[in-house]
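All remarks here apply to the structure that follows.
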Amino acid sequence: MTINFEEMLPKITEFLKSEAKTETVVGAQFQLGEFSCVPVIRVGMGFGSGGGEGEAPNKQGHGEGMGIASGMGVEPIGFLVSRGEEISFISTKVKSNFAGIFEKAPELLEKYLEQQKMKKKEAATV
């Protein structure tokens with residue numbers, strides 16, 4: 001059994017790269033009233049490999065084995081919010097997430113609540 005790690009690693013890396021996108025985790029950039037909101041993520045990756053072979057103690061057999069593994073962690077950490085020339089970052093890690101939103105962008109929350117009311121009104125008329 002032969003595994004070519006030099007060929008496998010780029011394939012695994014390309015797969016992880018294609019999956020570790022903001023769009024696949026929390027969605028794409030969106031507009032909320034006059035605010036542009038861009039989700040931000042944190043990505044961590046790890047790789048490991050190993051192999052070995054050997055003879056049975058009584059010389060009645062031979063064994064070999066190899067393995068390769070990778071892992072990825074993706075976590076949403078916040079939003080870049082812009083309005084005109086103003087840009088701010090709203091973290092999802094604030095102890096009181098709603099308090100952080102109120103402090104940094106009260107208009108954003110107001111617009112969000114207005115949109116929710118409109119959706120409820122539209123759903124009630126259907």
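Quick check, is residue 82 assigned to a strand (DSSP E or B), surrounded by 10 or more Cβ atoms within 10 Å (Cβ to Cβ), hydroxyl-bearing (Ser, Thr, Tyr) and out of contact with any helix residue (DSSP H, G or I) (no Cβ under 8 Å at 6 or more places or on another chain)? In short, yes.
Per this entry, residue 48 is not counted among residues that are within 18 Å of the chain's Cα centre (by Cα) and either more than 30 Å from residue 110 (Cβ to Cβ) or polar (S, T, N, Q) (or both).
Residue-by-condition table, conditions (1) polar (S, T, N, Q); (2) free of Cβ contacts under 8 Å to residues at least 12 places away in the same chain:
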{"site": "10", "(1), (2)": "no, yes"}
{"site": "36", "(1), (2)": "yes, no"}
{"site": "42", "(1), (2)": "no, no"}
{"site": "51", "(1), (2)": "no, no"}
{"site": "59", "(1), (2)": "no, yes"}
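For the stretch 16-35: of the residues being small (Gly, Ala, Ser) and surrounded by fewer than 15 Cβ atoms within 10 Å (Cβ to Cβ), which is farthest from the chain's Cα centre (by Cα)? Top of the filtered list is 33.
Within the stretch 53-62, the presence of a residue that is surrounded by 10 or more Cβ atoms within 10 Å (Cβ to Cβ), closer than 21 Å to residue 112 by Cα and at pLDDT 80 or above is excluded.
Taking the conditions exactly as written (under 13 Å from the mean Cα position of the chain (by Cα), part of a helix (DSSP H, G or I) and surrounded by 14 or more Cβ atoms within 10 Å (Cβ to Cβ)), does residue 9 satisfy them or not? The answer is no for residue 9. Answer with yes or no whether residue 52 is in a strand (DSSP E or B) and small (Gly, Ala, Ser). For residue 52, the condition - in a strand (DSSP E or B) and small (Gly, Ala, Ser) - is met.
Total residues in the stretch 36-46 satisfying the condition of being surrounded by fewer than 14 Cβ atoms within 10 Å (Cβ to Cβ) and farther than 19 Å from residue 90 by Cβ: the figure is 2.
The values are calculated or read from the model by the stated rules, or taken from the named source; none is laboratory data. Model, not experiment: these values are computed from the prediction. Positions of Cβ are backbone-derived with ideal geometry, glycine not excepted, and every protein chain shown enters the neighbour counts.
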